[in-house]
Structures are given as structure tokens and as C-alpha cells.
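Scroll down for the structure; my scribbles are underneath it.
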Amino acid sequence: MSRVAHPAGPRHADVLPAEHPPAPPQDLNALYPEIWPGSARRAGGVLTVGGLDVRDLAAEFGTPLFVCDEADFRQRCRGYREAFGAQAGVFYAAKAFCCRGVLRWVTEEGLGVDVCTGGELEVALQAGVPPEMITFHGSNKLESELARALDAGVGHVVVDSFEEIARLAYLTDPPVPGRGARVPDRATANGNANGDGTGERGAVSRPRVLVRVTTGVEAHTHEFVATAHDDQKFGFSLSSGAADEAVRRVLACPGVELAGLHSHIGSQIFDTDGFEAAARRVLGLAVRIRDEHGIVISELNLGGGLGIAYTPDDDPADVKVIAQNLHEIVRGQCAAAGLVMPRLTVEPGRAIAGPGTVTLYEVGTVKDVDGLRTYVSVDGGMSDNIRTALYDAEYTCVLASRESAAGPMLSRIVGRHCESGDIVVRDSYLPSDLVPGDLLAVAATGAYCRSMASNYNHVGRPAVVAVRDGAARLLLRRETIDDLLRLDAG
């Protein structure tokens with residue numbers, strides 16, 4: 001095998017990509033606390049989470065298995081709530097990981113929920129999330145989804161296109177003689193200006209709308225998760241004037257109320273510089289709204305996207321520092337623009353769900369490739385973690401079922417699907433005595449792994465189990481062959 005391309009071009013299958021694997025860690029058995037769940041430990045060399053031996057979890061629930069540290073998840077909810085304070089709003093982005101059990105934790109910890117489809121909305125409602133604590137996102141909300149959201153009384157709808165504004169106008173069109181309203185009048189619990197649930201119950205309220213603004217701010221992240229540049233599908237562009245026009249159209253709808261503005265610049269972001277630039281541009285629009293329409297926005301939603309540590313090289317900021325910086329940014333921009341400070345809202349998803357979950361896999365094959373690296377195939381893959389194939393995501397992986405004093409072996413953790421791109425961890429050092437049957441644990445898989453899982457090659461999606469204080473509870477059961485065949489009409 002060669003890493004040098006033939007002069008006439010790379011020859012199929014015998015040229016390796018030029019790459020530079022990282023140096024091996026000093027200790028293959030170490031668990032860096034910034035990466036692993038708060039309760040992760042080694043006991044007798046074996047990884048434990050929530051006080052439970054991963055070998056026991058694998059035996060009871062099977063592998064692949066998502067193991068969620070409930071205490072870690074709840075602590076991160078409380079951390080955001082305390083850092084941003086009672087006057088701000090914190091809404092968990094359900095797209096990171098959504099199930100009824102987790103959304104109940106979110107509600108119990110005092111956070112709202114951000115949903116972006118009718119399916120996520122129904123999970124939130126069935127979990128008992130108060131409708132006024134739900135924000136409804138999405139780049140193409142179906143009319144039926146909007147009608148359901150309005151009927152349920154969701155706290156906010158974030159509009160993303162002129163078509164959505166038209167759909168809202170149609171659905172909230174006031175009744176005329178001989179024709180009822182298209183959406184039933186709703187008794188609401190979010191009637192006050194802050195939308196925090198303290199309004200007079202029973203008062204009929206118009207749905208509160210946030211206009212999503214595309215600020216043109218560059219987020220230092222992967223192209224597919226950067227959401228504020230003009231050439232992408234989300235929001236209304238500031239530079240083109242579309243955002244100003246969207247505000248005009250919302251204000252022209254008698255059945256809705258303009259609550260404020262929304263901006264989301266991307267995901268897996270480690271600093272607040274982009275938020276400062278975005279806030280300045282969004283508040284410039286707020287000034288124009290005041291000057292043109294005589295209206296002062298009451299809410300500013302800066303979205304989510306704050307990063308977490310996947311490897312020892314990642315260095316995310318503390319949530320208290322983030323909250324302080326964002327408040328200072330908005331306060332300073334408002335003072336400079338002569339605006340009243342709006343209510344600040346954020347939407348963390350990955351930062352809450354990501355670090356507290358690990359994925360357990362069983363090793364199936366260990367294949368050395370000409371001394372270059374060892375391919376370690378596990379019983380899952382891109383069907384339970386598409387992020388590596390989709391975003392070139394990096395992860396930390398350890399031998400979980402035992403400790404080892406063997407030397408480091410450069411490994412690529414791959415799945416069992418029929419794709420050469422079926423990679424879970426591109427470069428990882430594992431003990432050279434690794435054998436089939438060993439358990440591996442991949443850290444920080446709580447966000448966008450199970451929620452983006454598929455049935456590729458007709459593989460069932462893994463179970464998710466919550467662990468806490470030595471007890472395990474199933475959140476989502478493993479899919480079976482019967483589940484996969486249930487929709488097959490043939």
C-alpha cells in the first residue's frame with residue numbers, strides 16, 4: 001500500500017489518503033472528565049456509569065446501547081437555568097435527543113422545549129410539557145403542523161419563510177359571519193409580554209411569533225451545521241432586506257403577534273464572538289422595527305449551538321461565562337442602539353444532551369491492514385451514529401469491559417454496514433490485545449446520534465437506557481425484526 005499517488009492520478013484501492021493520525025495518549029485507560037459523563041468511573045478496570053458496570057448493562061439490554069447518565073443531564077439543565085437567570089428563557093432543543101422521559105426531565109428542571117416538527121411536538125405534549133413552554137421551529141412547517149401547534153397553544157412560533165407567514169395568516173384569520181375560525185380560539189397561559197406563563201389564564205391570545213433572521217455571520221464550524229450565512233435554507237436574510245419584509249408581513253397579520261427576533265449561527269461553537277456580531281446585526285433590525293413601526297421587540301432568541309468536548313483537544317467555555325458574555329453583548333448593543341433590553345432566550349441541545357451519554361459496542365472483528373492501522377468492526381455503525389460520515393465528527397473511544405497494559409494500536413472503529421464510509425471513530429488508539437467480544441465505549445454520543453439513527457441494511461435502532469444511583473431504566477427499547485417488518489405491506 002502507498003500514500004503516494006501515481007503521476008497519472010490516484011489508482012483505485014492502492015493509494016491511501018495523506019493524513020496525520022494524532023499521537024497516542026499517555027494512558028489508554030484514562031477517562032477525561034471533560035469528555036465523559038459525570039458519573040463515569042473505572043471500577044476494577046471496568047467502565048461504570050451511574051454506578052453500573054457496563055458489562056452488566058450490555059448483558060441486560062444488548063449492544064449497541066446508548067447509556068444516558070440522568071444526573072449529568074439534569075445537572076446541565078440546572079446549570080443553564082442558573083447561569084442565565086430567571087429573567088432569561090432556556091429551551092432545550094429536542095432535535096438533539098427527543099423522547100418522553102428526557103423531555104419530562106427538562107420540564108422538571110424548569111426549561112422549555114424547542115421542537116421543529118409535528119412529531120417532536122407530539123412527543124413534547126405527551127410528555128406533559130406545558131404548551132406555553134414550547135417553541136415551534138422548522139424550515140417548512142406543514143399547515144397541519146401549524147394548526148396543531150396553534151390549537152395546542154404553543155408559546156412561540158418561529159417563522160422561517162414568507163409561505164409560513166401566509167399559512168399562519170390563513171390559520172388565524174378572524175372568523176366572519178357564517179364561517180368559524182379555522183383554528184379554535186385557545187385559552188392560553190402565555191398571555192403576558194414575556195411569554196413566561198404568568199399571564200391571566202383563560203385570556204384569548206394571538207400566537208406569538210419570532211422572525212428567524214439570517215445574519216450573514218460566519219460560524220467557525222462544519223459547513224453543514226453553519227446556519228447564518230446567506231446561501232442556506234434557514235431564515236430571512238438581513239442583507240437582502242427579506243428580514244425587514246418578513247416583519248412587515250407578520251405585523252400585517254391581525255391574528256398573530258410579533259414577539260421578537262430569532263438568530264442561530266450554527267452548531268459546535270466554542271466562543272461567543274459570532275454571537276456578538278449576530279446580536280449587533282439583529283438589534284440593528286430591531287432599531288428599524290422601532291423606527292418604522294413604533295414597536296419595541298420584547299424577545300431576542302440567540303439560538304443554541306454551543307460546543308462540547310468530544311476529544312481532549314476540545315475546550316468549550318463554561319456555561320456561566322457564556323451566559324455572562326451573552327448578557328453583556330446584548331446589554332451593550334441595546335445601550336448603543338437606544339433599545340430597551342429584550343428578554344434573552346437560548347436553545348441549548350447538544351450542550352445538555354451530548355456529554356452525559358456513551359454508546360457501548362461489542363467488538364466483532366479486529367483486522368490489521370499492512371501494519372498501517374487496525375480496523376476494529378463493531379456491532380453498530382452509521383445507523384446509530386451518522387455524524388462521522390456526515391460531518392467528519394471526531395470522538396473519543398476506550399476499551400470499556402476491562403483495563404489493559406498492552407501498547408497502543410492505531411485503530412479505526414468501523415461499523416457493519418455495506419459502506420466504506422461507515423466509520424464511527426476515524427482515529428483512535430486502543431490496546432493492542434483487543435479481541436472480539438471486548439466492549440468499547442464511545443463518549444459524548446447523546447446528541448444527534450440516536451435522534452439521527454436509521455434502519456440502513458435493516459438494522460434495528462439501539463435501545464437507550466437511563467442510569468442513576470446504581471439503577472437502570474429503559475427510555476427507548478431496541479427495535480426488533482418485527483418492528484422493521486410491521487410497515488412492510490408486501
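The values are calculated or read from the model by the stated rules, or taken from the named source; none is laboratory data. The structure displayed is predicted, hence computed values, not measured ones. No Cβ is skipped: glycine too gets one built from the backbone with ideal geometry, and neighbour counts run over all protein chains shown. Keep in mind that these areas ignore ligands, DNA and RNA; they rest on the heavy atoms of the full protein, side chains included. Shrake-Rupley method; radii C 1.70, N 1.55, O 1.52, S 1.80 Å.
If residue 376 meets every condition in (1) hydrophobic (A, V, I, L, M, F, W, C); (2) open to solvent by less than 10 Å² (accessible area, probe 1.4 Å); (3) touching a helix residue (DSSP H, G or I) at 6+ places or on another chain (Cβ under 6 Å) apart from one, which number is that one?
Among (1) hydrophobic (A, V, I, L, M, F, W, C); (2) open to solvent by less than 10 Å² (accessible area, probe 1.4 Å); (3) touching a helix residue (DSSP H, G or I) at 6+ places or on another chain (Cβ under 6 Å), the lone unmet condition for residue 376 is (3).
Give 316, 348, 312 a once-over and let me know the one that is buried (at least 23 other Cβ atoms within 10 Å of the Cβ) and outside any helix (DSSP H, G or I).
348
Report, by residue number, each residue of region 428-447 that is surrounded by 19 or more Cβ atoms within 10 Å (Cβ to Cβ) and acidic (Asp, Glu).
Across region 428-447, the qualifying residue is only 438.
Of all residues in region 379-396, which are open to solvent by 40 Å² or more (accessible area, probe 1.4 Å) and not in a loop (DSSP other than H, G, I, E, B)?
Selection gives 389, 390, 391.
Among the residues of region 409-427, write down those that are of a type outside the set (S, T, N, Q), over 26 Å from the mean Cα position of the chain (by Cα) and crowded, with 16+ Cβ neighbours inside 10 Å.
Within region 409-427, 409, 410 qualify.
Restricting the search to region 53-97, which residues are among the aliphatic types (A, V, I, L, M), surrounded by fewer than 21 Cβ atoms within 10 Å (Cβ to Cβ), farther than 30 Å from residue 341 by Cβ and touching a residue at least 60 places away in the same chain (Cβ under 8 Å)?
The answer is 58, 71.
Exactly one condition in (1) at pLDDT 95 or above; (2) open to solvent by 10 Å² or more (accessible area, probe 1.4 Å) is false for residue 199; which is it?
Unmet for residue 199, out of (1) at pLDDT 95 or above; (2) open to solvent by 10 Å² or more (accessible area, probe 1.4 Å): (1).
Matching residues to (1) in a strand (DSSP E or B); (2) among the acidic types (Asp, Glu); (3) closer than 29 Å to residue 352 by Cβ; (4) free of Cβ contacts under 8 Å to residues at least 40 places away in the same chain:
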{"residue": "240", "(1), (2), (3), (4)": "no, no, no, yes"}
{"residue": "246", "(1), (2), (3), (4)": "no, no, no, no"}
{"residue": "249", "(1), (2), (3), (4)": "no, no, no, no"}
{"residue": "255", "(1), (2), (3), (4)": "no, no, no, no"}
{"residue": "271", "(1), (2), (3), (4)": "no, yes, yes, no"}
{"residue": "274", "(1), (2), (3), (4)": "no, no, yes, no"}
{"residue": "281", "(1), (2), (3), (4)": "no, no, yes, no"}
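Restricting to region 98-141, and then to whatever is at pLDDT 95 or above and among the hydroxyl-bearing types (Ser, Thr, Tyr), can you tell me which residue is surrounded by the most Cβ atoms within 10 Å (Cβ to Cβ)?
It comes out as 135.
Of all residues being surrounded by 13 or more Cβ atoms within 10 Å (Cβ to Cβ) and among the charged types (D, E, K, R) in region 228-247, which is modelled with the lowest pLDDT? Just the residue, please.
Ranking the candidates gives 230 first.
Taking region 63-81 as the search range and keeping residues that are in contact with a Leu (Cβ under 9 Å, 6 or more places away or on another chain) and outside any helix (DSSP H, G or I), which one is farthest from residue 437 (Cα to Cα)?
Among those residues, the one meeting the criterion is 68.
If residue 300 passes every condition in (1) of a type outside the set (D, E, K, R); (2) modelled with pLDDT of 95 or more; (3) under 30 Å from residue 356 (Cβ atoms); (4) assigned to a loop (DSSP other than H, G, I, E, B) but one, which one does it miss?
In the conditions (1) of a type outside the set (D, E, K, R); (2) modelled with pLDDT of 95 or more; (3) under 30 Å from residue 356 (Cβ atoms); (4) assigned to a loop (DSSP other than H, G, I, E, B), residue 300 misses (4) alone.
Answer yes or no: is there a residue in region 159-169 that is more than 23 Å from residue 246 (Cβ to Cβ), in contact with a helix residue (DSSP H, G or I) (Cβ under 8 Å, 6 or more places away or on another chain) and assigned to a helix (DSSP H, G or I).
No: region 159-169 contains no residue that is more than 23 Å from residue 246 (Cβ to Cβ), in contact with a helix residue (DSSP H, G or I) (Cβ under 8 Å, 6 or more places away or on another chain) and assigned to a helix (DSSP H, G or I).
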